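Notes to accompany the following structure.
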Amino acid sequence: MQSTELSNQQPETSRLPLLEDGKGVPDTAKPRRQPVRLSQVAGALLLILAGGVGGMYFQGPGLRAFFAVTGLEPGAGAAAPIARPVALMPSQARVSAMASGDVVALGRLRPQDDIVTVAAPFGSGDARVDQLLVVAGDTVAEGELLAVLDSMDKYEAALTSARTSLAASQAFLAQTVSQVAAAEAETRASLQSARASAETAEASLQRLRSLFASGVTSQEDIDAAESAAAAARGDVERLGATLSRYRPGPDGLQADVAVARADVESAEAAVAQAERDLDLARVYAPRAGVILDVAVREGEKVPPDGLLRLGNVEHMEAELEVFQSMAPRVGVGQRVSISSEVLGEEPLSGTVSRVGQLVGRQSVTADDPAANTDARVVSIIVQLDSPSSARAARFVGLEVIGRIAVPAAESVVARAR
């Protein structure tokens, strides 16, 4: 009886041993899970992304209330505020300037009329520096010799040859002048003798003709006298033609002398050219100033970007790059304050001396990696006053911040815009 009751209490599966797989509960007893679809995951991520972006840009009432209560600021933990364009992230100096209406721009210090790069003379070829006559910091005058190239020996040899040719041409000219003068004098003397002989022959002919009429002489004597007179006249004509060779031409010179003189002038031109060629081996200062940098040493080839750089540091100026939208507010004569950490707390001061007309790409940028590096700017030249110029002379090329004082009326109009 008891066994019968136990058998009735056992589950149905105990009476079906073939359904047991040795792993516990049969598969038919386990619930099946629904598979997660990829489209559902992508949809959830897209929904989260849309919510985040929407919260950053639109900042609904709930999100704004959360920031107001906590005192947090969107993107405060990032290097730059989130969801704000780079152009709308001014530096502290620009924020201060916007509040006062002034124009602030980045720039650099430079000598008056900028830095001059001194290159080798055109046509110097592959010459090397033989003598370097200056070092950085030297003050030079305009036209002062700065360096000598190793091609000097070649040009000096050419000059010596040209001078030798000139001396030879000058000697030949002197010889020609002397020879022409002697030949002319000899020809004149011969012409006078020929004329006298012709007159004598003509007189003899006339006398014989008188005697022939009286029957004293023969026809043969007349014929001989006529031949002698004709020959004498020929000698006079020949010598006269020879003498004409020594007459001056339109330039006032006899022909042979003119040719010799032309050779001398050609030789003089060759000497002058050889003397000019010496400058192909010399480097002169194009203007007065201070040597800022020397880019070559003796024995080295001339660099393609020049031997050295110089500038007039006695008169310093600043070149500022003003955003094109602010350029109309800048004019000549406005006062400018120039500052930099290198210069200390006291800023430099100057006056706008020139406003550029060409809009170009910004070349001086702030250290902030988020700074706008493709802005369009106008170049503004600021002439520093004497004390500021003396301080700035030590920092050619220094990046600075310039603050241009804009008249109050223009500032009000600018803020109204």
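Worth a mention:
- Normalising by residue count, segment 128-242 has a Cα convex hull of 138 Å³ per residue.
- Using only the C-alpha atoms, the convex hull of segment 265-398 corresponds to 211 Å³ per residue.
- Couplings 3J(HN,Hα) of segment 217-231, computed from phi: 10, 9, 5, 4, 5, 5, 4, 5, 5, 5, 5, 5, 5, 5, 5 Hz, in residue order, whole Hz [Karplus 6.51 cos²θ - 1.76 cosθ + 1.60, θ = phi - 60°; x for Gly and Pro].
- Whole-Hz couplings from phi, Karplus 6.51/-1.76/1.60, listed for segment 196-210; x for Gly and Pro: 5, 5, 5, 5, 5, 5, 5, 5, 5, 5, 5, 5, 5, 5, 5
- Accessible surface calculations at 1.4 Å, restricted to protein heavy atoms, place segment 242-294 at 53 Å² per residue.
- For the set F122, F323, solvent exposure ranked by accessible area (probe 1.4 Å, protein chains only) runs largest to smallest as F122, F323.
- Computed from point charges on the beta carbon alone (+1 for Lys and Arg, -1 for Asp and Glu), the dipole magnitude for segment 297-350 about its Cα centre is near 220 Debye.
- Cα gyration tensor shape of segment 313-369, rounded if a/c is under 1.5, else prolate or oblate by comparing a/b with b/c: oblate
- Annotation: amide H-H contacts under 5 Å for Q254 (H modelled 1.01 Å from N, sequence separation of 5 or more, or interchain): G249.
- Here the 3J(HN,Hα) profile of segment 154-162, calculated from phi with Karplus coefficients 6.51, -1.76 and 1.60 at θ = phi - 60°, is 5, 6, 5, 5, 5, 5, 4, 5, 5 Hz, Gly and Pro shown as x.
- Cβ-derived FRET efficiency at R0 45 Å, S227 paired with T160, nearest 0.05: 0.10
The values are calculated or read from the model by the stated rules, or taken from the named source; none is laboratory data. As the structure is a computational prediction, the values presented were derived from the model and not from experiment. Reconstructed Cβ throughout: ideal geometry from the backbone, glycine too, with neighbour counts over all protein chains shown. When the accessible area is computed, the model is the full protein with side chains, heavy atoms only, and any ligands, DNA or RNA have been set aside. Shrake-Rupley method; radii C 1.70, N 1.55, O 1.52, S 1.80 Å.
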